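**Student:** One structure coming up, written as structure tokens, with questions to follow.
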Amino acid sequence: MGYEDVDFESGRKLTIDRMLRQKLDNIKMIIKKNWDAIIVIDGMERSGKSTLGFACADYISEGKLTLNNVAVDGDDAMKKCESLPNGSVLMVDEGSLVFSSKDSMTKEQKKLLKIINVIGQKNMIFIIVLPSFFELTKAIAVHRSLFLLHVYTDKKLNRGRFTYFGQKGKKVLYDYGKKHFGSYAYPRANWIGKFKEYDIFGEEYKELKKKSLYSALHSGEDGISIDTPEEAVNKRLTQERILLYQRMKEAGMKQAEMAKLIGVSIRNVARYASSAKKNAIVQSV
């Protein structure tokens, strides 16, 4: 356990978990031997998973990460993985995946599989950042990825924590979670790590991601938006709070505590609970 400081030639400075650094060093080594590598990072909205993704990607690229190495959806990732040099790192922040319709999600998974084929041919490192590991197909989540970093917050919603699941652990986790509505309760993680804030692109990336996610989440088959911006924001906010409710319930919090932390009424928390229950029933059918 503990942190290590890394000073890059580019002038960037990264504080990284010592055990995570060892895992990323292993990836650097296998890339030199003409292998590829896929990492999955998941966690609820605003938990810091993109921050951890940037830290991993920048460490692997030795402080040379640019926005050209970061994709905000499947289409963007397909274009960039074809243009990047062999051995490059590509991070896709696929926040839309879990909120899309089942049909849209299937299309996104097909895009990911195509990207992974190119990744393999070009010996690249592919980092997938998304809300839920269980939304990925087993082929990607279990068979192709090297490990999972599950980002979470403490009971007071403080960020900066993650758990590490290796190949054997994430296989058991995937099978268990699929049967238990996305639970991370079993098995125990291989180890627990921490990360610090690492914002290297600032508002430029936030604006890019905002536009892309709006398009991905709220467009019809013909590409025409089916929601107004206000409706889109409200829907996404509700989805985020439902996910947040599920995580806080897993932590054993009462609805009154949840309402206070989220900043809504207890009646709204009850609505999130009802929606979460309905979603669990649908997933089990």
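The values are calculated or read from the model by the stated rules, or taken from the named source; none is laboratory data. Remember, predicted model here, so these are calculated numbers, not experimental data. For neighbour counting, all protein chains shown are included, and Cβ atoms are generated from backbone atoms with ideal geometry for every residue, glycine included.
**Student:** For the stretch 56-79, check the following and say yes or no: at least one residue is assigned to a strand (DSSP E or B) and touching a strand residue (DSSP E or B) at 6+ places or on another chain (Cβ under 9 Å).
**Tutor:** Yes; the residues of the stretch 56-79 include at least one that is assigned to a strand (DSSP E or B) and touching a strand residue (DSSP E or B) at 6+ places or on another chain (Cβ under 9 Å).
**Student:** Considering the stretch 172-186 alone, what residues qualify as being touching a strand residue (DSSP E or B) at 6+ places or on another chain (Cβ under 9 Å) and either farther than 21 Å from SER47 by Cβ or not assigned by TED's automatic domain parsing to the domain that holds ALA139 (or both)?
**Tutor:** The answer is VAL172, and nothing else.
**Student:** If I ask for residues that are crowded, with 19+ Cβ neighbours inside 10 Å and not in a helix (DSSP H, G or I), which ones from the stretch 151-174 would you list?
**Tutor:** VAL151, TYR152, THR153, ARG159, PHE162, THR163, TYR164, PHE165
**Student:** If you check GLY48 against the conditions, is it closer than 11 Å to VAL129 by Cβ, among the small types (Gly, Ala, Ser) and touching a residue at least 24 places away in the same chain (Cβ under 8 Å)?
**Tutor:** yes
**Student:** Is there a residue in the stretch 157-165 that is modelled with pLDDT under 95 and farther than 21 Å from ARG18 by Cα?
**Tutor:** Looking through the stretch 157-165, at least one residue is modelled with pLDDT under 95 and farther than 21 Å from ARG18 by Cα.
**Student:** List the pairs whose first member sits in the stretch 178-194 and is touching a residue at least 12 places away in the same chain (Cβ under 8 Å), whose second member is basic (Lys, Arg) and surrounded by 14 or more Cβ atoms within 10 Å (Cβ to Cβ), and whose Cβ atoms are under 6 Å apart, counting only residues at least 6 apart or on separate chains?
**Tutor:** Going by the 6 Å Cβ cut-off, the qualifying pairs are LYS194/ARG161.
Yes/no per residue for (1) at pLDDT 90 or above; (2) surrounded by fewer than 17 Cβ atoms within 10 Å (Cβ to Cβ); (3) in the same structural domain as LYS23 (by TED's automatic domain parsing); (4) touching a strand residue (DSSP E or B) at 6+ places or on another chain (Cβ under 6 Å):
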{"position": "SER83", "(1), (2), (3), (4)": "yes, yes, yes, no"}
{"position": "GLY87", "(1), (2), (3), (4)": "yes, yes, yes, no"}
{"position": "LEU112", "(1), (2), (3), (4)": "no, no, yes, no"}
{"position": "ILE115", "(1), (2), (3), (4)": "yes, no, yes, no"}
{"position": "VAL118", "(1), (2), (3), (4)": "yes, no, yes, no"}
{"position": "GLN121", "(1), (2), (3), (4)": "yes, yes, yes, no"}
{"position": "ILE127", "(1), (2), (3), (4)": "yes, no, yes, yes"}
{"position": "LYS138", "(1), (2), (3), (4)": "yes, yes, yes, no"}
{"position": "HIS143", "(1), (2), (3), (4)": "yes, yes, yes, no"}
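**Student:** Would you be able to tell me the number of residues in the stretch 175-193 that are surrounded by fewer than 19 Cβ atoms within 10 Å (Cβ to Cβ) and not in a loop (DSSP other than H, G, I, E, B)?
**Tutor:** Counting residues in the stretch 175-193 that are surrounded by fewer than 19 Cβ atoms within 10 Å (Cβ to Cβ) and not in a loop (DSSP other than H, G, I, E, B) gives 6.
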